[in-house]
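Asks: I have a structure I would like to understand better, so I am pasting it below and will then ask my questions one at a time.
The values are calculated or read from the model by the stated rules, or taken from the named source; none is laboratory data. Computed from a predicted model, the values in this text were never measured in an experiment. All Cβ positions, even for glycine, are placed from backbone atoms using ideal geometry, and neighbour counts span all protein chains on display. When the accessible area is computed, the model is the full protein with side chains, heavy atoms only, and any ligands, DNA or RNA have been set aside. Shrake-Rupley method; radii C 1.70, N 1.55, O 1.52, S 1.80 Å.
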Amino acid sequence: MAEAASPGSRPSLLDPRAPREAGDAGRDRMQVDALIVGAGFSGMYQLLRLRDHLGMKALALEAADGVGGTWYWNRYPGARCDSESHSYQYFFDEDLVREWQWSERYPGQAEILRYLNHVADRYALRPDIRLKTRVTAARYDEPANRWLVETDTGERYSAQFLIAAVGGLSAANVPDIPGLPSFSGRWYHTGEWPHEGVDFTGKRVGLIGTGSTGIQCAPVIAQSAAHLTVFQRTANYSIPARNAPLDDAFRQYVREHVDEIRKVMHASTNGHPFLFADRSATATPPDERDAIYRAAWEKGGLRFRAAFKDLLVDQAANDTAAGFIKARIREVVKDPARAAILSDIDHPFAAKRPPIDTEYFETFNRDNVSLVDLRAAPIVEVVPEGIRTADALYPLDIIVFATGFDAMTGAFLKIAIEGRDGLTLQQAWRAGPRNCLGLQVPGFPNLFTITGPGSPSVLCNLPVAIEQHVDWVTDCIAWMRERGATRVEPAEEAVEQWLATVQAAADATLLPSVPHSWYLGANVPGKPRIFMPYAGGMARYRAICDDVAAQGYPGFVFDAPMRATPRETGSALEA
Ligand code: N01
């Protein structure tokens with residue numbers, strides 16, 4: 001890592017005296033070394049690394065009027081992170097880890113947003129973040145080797161490097177249900193929640209979606225709504241979160257074991273601060289296995305899936321976990337008919353992202369909550385009074401869409417990105433995302449994607465994935481600058497090799513077996529069905545990326561002059 005300049009020591013790029021160049025169409029463009037799209041976890045860290053460690057003129061553009069990304073937008077009732085708080089933070093600065101005090105085992109949305117604002121202030125990032133500025137288009141100007149960027153505010157920029165830190169779960173997916181505009185009540189998507197909140201008091205609320213988000217918000221909405229109707233299309237597993245306040249002893253433990261915690265997260269499959277137990281579910285005698293599941297259920301959280309090492313690779317092993325959880329659902333939910341609908345789960349445990357909850361299944365024991373099985377009677381339309389399914393009309397005042405995201409590709413494709421020779425990202429990804437290491441797209445020189453498709457991303461505790469990506473991008477740019485290279489993009493054959501590696505990693509698991517998984521793009525009509533994240537594990541992925549960098553970036557093509565020649569083979573990209 002290069003020497004850090006003192007944060008914020010140079011004038012802000014937003015200063016009107018900052019350098020500009022005469023642009024095309026006769027208007028000035030602000031000229032920067034690197035433009036970062038987004039100021040969430042990834043955009044802010046990327047800004048810090050490029051500005052303070054490489055001394056680059058870097059600027060982050062953010063559509064929201066505050067930093068925080070996901071945690072700025074997702075303010076729905078019950079919004080809380082499923083990663084444990086001591087692992088859901090930056091680890092690049094041990095002082096920061098020691099200073100910040102999390103209050104609960106899982107951090108709530110407001111607390112994470114406070115943390116990210118603290119980071120923005122502590123590292124003086126705000127002067128180089130432009131808020132309320134949505135990037136609408138970016139075009140690569142090959143002769144100039146610059147990205148020409150347009151925004152909805154009319155600001156225009158020119159940058160050598162363009163870094164898309166837009167988040168894999170940020171493009172809200174509102175299903176196209178006939179009649180929605182006719183609804184006489186109010187409707188909301190959880191990922192675009194009003195800042196002033198929503199008052200459910202005395203209201204009849206319909207909740208569509210039973211993924212991680214729906215499972216988090218149902219119990220909270222039920223507490224204040226007159227009536228909550230949950231519309232379930234696919235029954236889902238969920239593990240009790242067992243959230244609780246953190247005590248001083250645990251905080252002290254974190255302060256004293258920062259390096260150890262980081263090492264465990266880096267060694268783990270999913271970037272969490274725990275490792276998978278080295279035992280097989282099928283090889284463990286049933287009584288012993290049941291006791292292990294019970295202990296994991298009591299402990300709660302995503303750790304449950306680490307109880308055995310073979311749950312995601314062996315259907316028989318997975319069946320034991322699935323059977324255990326379904327039995328718990330039937331135990332908790334008093335009404336046998338509801339229990340049957342909630343436990344009629346058609347896919348392996350954790351093959352879709354496993355939610356964790358606080359009293360989700362218990363919510364169905366409340367008198368003011370009902371459950372609609374959309375598999376038995378699908379939604380037909382929204383009418384002014386509410387939702388009509390194939391067999392009933394449900395009168396509603398509010399509809400909450402917890403229907404997820406156009407995940408992994410949606411936020412990138414919302415920007416009109418045009419690479420070399422007029423190739424658009426929409427064209428390049430028409431059959432599904434194509435890139436190398438999830439970091440760079442062929443035909444789009446000097447464009448980097450943070451936690452994009454083809455990387456562990458959503459399968460990982462995201463701050464861990466983000467720090468690894470940002471560090472890799474920063475090191476790659478530093479490496480180029482040392483050698484006088486100004487342009488990098490992946491070679492086609494390396495991309496093909498990486499796509500095969502991503503597919504092989506997925507095929508070694510049960511993950512691609514779920515036809516309705518958003519990991520496959522199945523939740524968005526017309527989206528190509530391709531398994532998008534790299535499922536070979538964060539530790540393995542990090543090793544591959546490190547190896548590529550150590551070998552001089554085989555599979556990536558740089559322009560001259562270079563003092564060191566990258567090897568041409570893509571062997572480091574093999575799983
Ligand atoms: O979205 P989802 P999410 N009619 O896509 C249903 C992260 N996250 O927002 O399964 C009826 O998982 C859909 O049904 P089906 C986490 O990575 C993190 O809950 O497609 N139903 C499903 O039940 C997570 O995985 C945290 O049949 C419709 C639900 O809507 C990711 O975000 C918290 C429908 C969508 O589930 C996305 O989770 C929350 C329709 N037309 C989320 N369309 C934390 O860690 C969709 N559905 C804090």
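Asks: At 1.4 Å probe size, with every protein chain present, just tell me what the per residue accessible area of the range 87-238 comes to in Å².
Replies: Numbers: 5680 Å² over 152 residues.
Value for the range 87-238: 37 Å² per residue.
Asks: In a shell of Cβ-Cβ distance under 10 Å around H195, excluding H195 itself, what net charge do Lys and Arg (+1) and Asp and Glu (-1) give?
Replies: Values: positive: R75; negative: D65, E196.
Result for the neighbourhood of H195: -1.
Asks: Compute the Cα gyration tensor for the range 58-211, then decide on rounded, prolate or oblate, letting a ≥ b ≥ c be the square roots of its eigenvalues: rounded whenever a/c is under 1.5, prolate when a/b is larger than b/c in the other cases, and oblate in all that remain. Present the calculation step by step, with values, prior to reporting the outcome.
Replies: Numbers: a/c = 2.39, a/b = 1.19, b/c = 2.01.
Oblate, because a/c is 1.5 or more while a/b does not exceed b/c.
Asks: Here's something else I'd like to know. If you take all C-alpha pairs in the chain, what percent of them are over 31 Å apart?
Replies: Numbers: 81945 of 165025 pairs.
Here the long-distance tail beyond 31 Å is 50 percent of all Cα pairs in the chain.
Asks: Percentage of Cα-Cα pair distances in the range 356-403 greater than 18 Å, rounded to whole percent? Intermediate results must be reported in sequence, preceding the final value.
Replies: Working: 468 of 1128 pairs.
Tail of P(r) above 18 Å: 41 percent of Cα pairs.
Asks: Subtract the Cα-Cα distance of D176 and E196 from 0.36 nm times their separation in residues, and report this length gain in nm to one decimal.
Replies: Details: separation 20, 0.36 × 20 = 7.20 nm, distance 2.60 nm.
The span from D176 to E196 would gain 4.6 nm if fully extended.
Asks: What is the Å³ per residue value for the convex hull set by the Cα atoms of the range 368-434? The partial results should precede the final answer.
Replies: Numbers: hull volume 10.6 nm³, N = 67.
Looking at the range 368-434, the number lands at 158 Å³ per residue.
Asks: For the range 391-466 and the range 178-209, compute the distance between their C-alpha centroids and round to whole Å.
Replies: One Cα centre to the other: 25 Å.
Asks: Put a dot 7 Å past each Cα toward the Cβ at D344 and A277; how far apart are the dots in nm?
Replies: 3.2 nm
Asks: Give the range of the longest stretch in the chain that excludes all GluC sites (Glu not before Pro) found in loop regions by DSSP and having at most 13 other beta-carbon atoms within 10 Å.
Replies: Value returned for the longest uninterrupted segment is 197-567.
Asks: While we're here: Can you tell me what share of the DSSP beta bridges in the chain is antiparallel? A percent to the nearest 5 is fine.
Replies: Working: 29 of 68 bridges.
Taking every DSSP beta bridge within the chain, about 45 percent pair in antiparallel fashion.
Asks: On a 21 Å Cα-Cα criterion, which of the cross-link pairs K326/K527; K132/K203; K263/K309 come out too long?
Replies: K326/K527; K132/K203
Asks: Between the DSSP loop rule and a limit of at most 16 other Cβ atoms within 10 Å, which trypsin sites (Lys or Arg not before Pro) in the range 62-132 are left? Could the numbers behind the result be given before it?
Replies: Values: sites: R75, R80, R98, R105, R114, R122, R130, K132; in loops: R75, R105, K132.
When the trypsin sites (Lys or Arg not before Pro) of the range 62-132 are filtered for loop state and at most 16 Cβ neighbours within 10 Å, K132 remain.
Asks: In addition: Which of rounded, prolate, oblate describes the range 61-137, given a ≥ b ≥ c as roots of the alpha-carbon gyration tensor eigenvalues and a/c under 1.5 marking rounded, otherwise prolate only if a/b is larger than b/c? Show your work: numbers first, answer last.
Replies: Values: a/c = 2.50, a/b = 1.31, b/c = 1.91.
Oblate, since a/c reaches 1.5 and b/c is not below a/b.
Asks: Still on this structure, I have one more. Per residue, how much accessible area does the range 354-485 have with a 1.4 Å probe, in Å²? Mind showing how you got there, number by number?
Replies: Numbers: 4020 Å² over 132 residues.
Result: 30 Å² per residue.
Asks: Let me ask something else about it. So for the pair R529, Y188, with labels modelled 7 Å out along Cα→Cβ, what separation do we get in nm?
Replies: According to this spin-label approximation, the distance is 3.5 nm.
Asks: Also: Can you list residues from other chains, or at least 5 along the same chain, whose modelled amide H is less than 5 Å from the amide H of A137?
Replies: So A137 has HN proximity to E150, A416.
Asks: Now a separate question. Whole-Hz ³J(HN,Hα) for each residue in the range 401-406, computed from phi via Karplus 6.51 cos²θ - 1.76 cosθ + 1.60 with θ = phi - 60°, x for glycine and proline: what do you get?
Replies: 3J(HN,Hα) across the range 401-406, in whole Hz: 8, 9, 9, x, 9, 7.
Asks: OK, next. Suppose the chain between D546 and A500 were pulled fully straight at 0.36 nm per residue; how much longer would it get relative to their current alpha carbon spacing? Each step should come with its number before you reach the end.
Replies: Numbers: separation 46, 0.36 × 46 = 16.56 nm, distance 1.93 nm.
The span from D546 to A500 would gain 14.6 nm if fully extended.
Asks: Which of rounded, prolate or oblate describes the range 387-497 when judged by the alpha-carbon gyration tensor and an a/c cut-off of 1.5?
Replies: On the way: a/c = 3.13, a/b = 2.09, b/c = 1.49.
The shape class here is prolate.
Asks: Also: Tell me the carbon and sulfur percent of the accessible area for the range 321-403, rounded to whole percent, probe radius 1.4 Å.
Replies: On the way: 1680 of 3330 Å².
Carbon with sulfur: 50 percent of the solvent-accessible area.
Asks: Shifting gears a bit: Add -39500 (n - 2.57) for each DSSP H run of 4 or more in the chain, then divide by its residues: what number comes out at 222 nm, to the nearest 500 deg cm²/dmol?
Replies: My calculation for the chain gives -8500 deg cm²/dmol from helical runs alone.
Asks: Which residues among the range 495-519 fall inside the zone where the amide N is under 12 Å from a point 7 Å beyond the Cα of A431, along Cα→Cβ?
Replies: Correct set: 496.
Asks: Between Rg and the Kirkwood Rh of the range 459-534, both from Cα atoms, what is the Rg to Rh ratio?
Replies: Numbers: Rg = 16.2 Å, Rh = 15.0 Å.
Result for the range 459-534 is an Rg/Rh of 1.08.
Asks: So, one more: In the chain, which whole DSSP H runs stretch at least 15 Å along their own axis (Cα) and average 0.5 or higher on the Kyte-Doolittle scale? Show your work: numbers first, answer last.
Replies: On the way: long enough: 109-122 (19 Å, -0.54); 212-224 (20 Å, 0.62); 286-299 (19 Å, -1.49); 315-332 (25 Å, -0.17); 462-483 (32 Å, -0.02); 492-507 (22 Å, -0.09); 538-550 (18 Å, 0.23).
Span-like helices, by this rule, are 212-224.
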